Amino acid sequence: MDNNWVNALKKYNWTVNLQQFVDASIYKGYFDRTIRPDDVVIFENRFRRAINNGSSFEIAGEVCFWKNYGNPQSRNRITTNLLSYHKEKTNWENFVRVVKEISDNPSSDKFVSLKRACNQQNGFATPITFLAFYNPIEFPMVDKHIANWWIKHKETYGFRDFPDFSQRKNDDWIKSNNDNWNAYIAWKTFCCDYAKKIARNYGLNWRARDVEMAVWEAQKNGISLEVLQ
């Protein structure tokens with residue numbers, strides 16, 4: 001059955017050339033390919049295996065660069081800082097442990113620990129990306145496009161009393177504060193709820209991340225997504 005949820009997800013077009021990372025040549029076996037929309041699940045799986053197996057840290061740098069690709073002024077700096085931090089074995093091992101812990105039992109305290117574990121105490125969307133890549137069934141990503149959609153449309157989908165994201169006025173970036181963790185949990189709840197509704201209405205095996213990607217494209221392209229029961 002054709003519907004706007006499916007149409008929006010089909011439009012998902014985030015394509016990232018990892019070879020454009022300024023230090024790509026240093027990390028053999030990494031930063032050597034382009035991640036296209038059809039590659040995203042494989043990319044997520046590779047990150048998850050690295051966390052579960054305690055593999056090398058470079059994959060986290062790839063995910064970081066992928067997430068920040070749309071910010072050419074900062075993507076190299078953010079990725080370099082993360083890789084430099086995770087080169088220290090104890091920092092990487094702590095990151096692995098914290099990602100697993102927040103996936104099993106999400107809380108604002110554990111999110112603070114995650115931000116510290118990836119050396120982004122003032123970050124929000126990038127630390128959330130690591131959680132979403134590790135457990136995309138339950139955890140969506142978030143950015144300013146999602147935050148803007150959420151503010152405009154949450155009431156339509158029965159989430160009126162759930163919190164909004166607090167955003168910076170100059171660029172709409174999501175602020176790093178505890179209130180936004182609560183907004184993220186509300187957004188997560190919506191995505192998990194709609195993954196179930198899409199399964200029930202359309203027979204599709206969607207994850208929270210699939211709902212998020214559809215919303216992301218809907219916000220950018222002005223697509224009206226069906227309210228489902």
(message) What's the magnitude of the charge dipole for segment 73-179 around its Cα centre, counting Lys and Arg as +1 and Asp and Glu as -1 at the beta-carbon? Answer in Debye, nearest 20.
(response) 400
(message) Report, in listed order, any pair from 169/197; 89/175; 87/144; 87/220; 87/197; 28/115 with a Cα-Cα distance greater than 32 Å.
(response) 169/197; 87/220; 87/197
(request) Kindly list the residues of segment 2-20 that lie in the label zone of residue 223, defined by a backbone N under 19 Å from the point 7 Å along the Cα-to-C-beta vector. (result) 2-16
(message) Suppose the chain between residue 152 and residue 170 were pulled fully straight at 0.36 nm per residue; how much longer would it get relative to their current alpha carbon spacing?
(response) 4.6 nm
(request) Compute the relative contact order of segment 88-185 as a whole-number percentage, counting only Cα pairs closer than 8 Å that sit 6 or more residues apart in sequence. (result) 22
(message) Around residue 35, under 13 Å between beta carbons, what's the net of Lys plus Arg minus Asp minus Glu among the other residues?
(response) -1
(request) Determine the shape class of the chain: with a ≥ b ≥ c the square roots of the Cα gyration tensor eigenvalues, call it rounded for a/c under 1.5, and otherwise prolate if a/b is greater than b/c, oblate otherwise. (result) prolate
(request) Using a Gaussian network model of the chain whose springs link C-alpha atoms within less than 10 Å, name the residue from 128, 42, 51 with the highest mean-square fluctuation. (result) 42
(request) With a cut-off of at most 16 other beta carbons within 10 Å, and DSSP calling the residue loop, which chymotrypsin sites (Phe, Trp or Tyr not before Pro) in segment 60-169 qualify? Please list them. (result) 159
(request) Along Cα→Cβ, 7 Å out, is where each label goes; now give me the distance between the ones at residue 28 and residue 74 in nm to one decimal. (result) 3.4
(message) If you filter segment 82-167 for GluC sites (Glu not before Pro), then keep DSSP loop positions with at most 12 other Cβ within 10 Å, what is left?
(response) 88
(message) Pairs of alpha-carbon atoms within less than 8 angstrom and 6+ residues apart define the contacts here; what relative contact order does segment 16-134 have, in percent?
(response) 24
(request) Let me know the shape class of segment 106-204, please: from the alpha-carbon gyration tensor, a ≥ b ≥ c as square roots of the eigenvalues, rounded when a/c is under 1.5, otherwise prolate if a/b is greater than b/c, or oblate. (result) oblate
(request) Provide the net charge surrounding residue 114, with neighbours chosen by a C-beta distance below 12 Å and charges set as Lys +1, Arg +1, Asp -1, Glu -1. (result) +3
(message) Please give me, ordered by residue number, the trypsin sites (Lys or Arg not before Pro) of segment 1-76 that lie in loop per DSSP and have at most 11 other Cβ atoms within 10 Å.
(response) 28
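We did not get these values from a lab; they are worked out from the coordinates using the rules stated. This is a predicted model, so every value here is computed, not measured. Quick reminder, even Gly has a Cβ in these numbers, built from the backbone with ideal geometry, and neighbours come from all protein chains shown.
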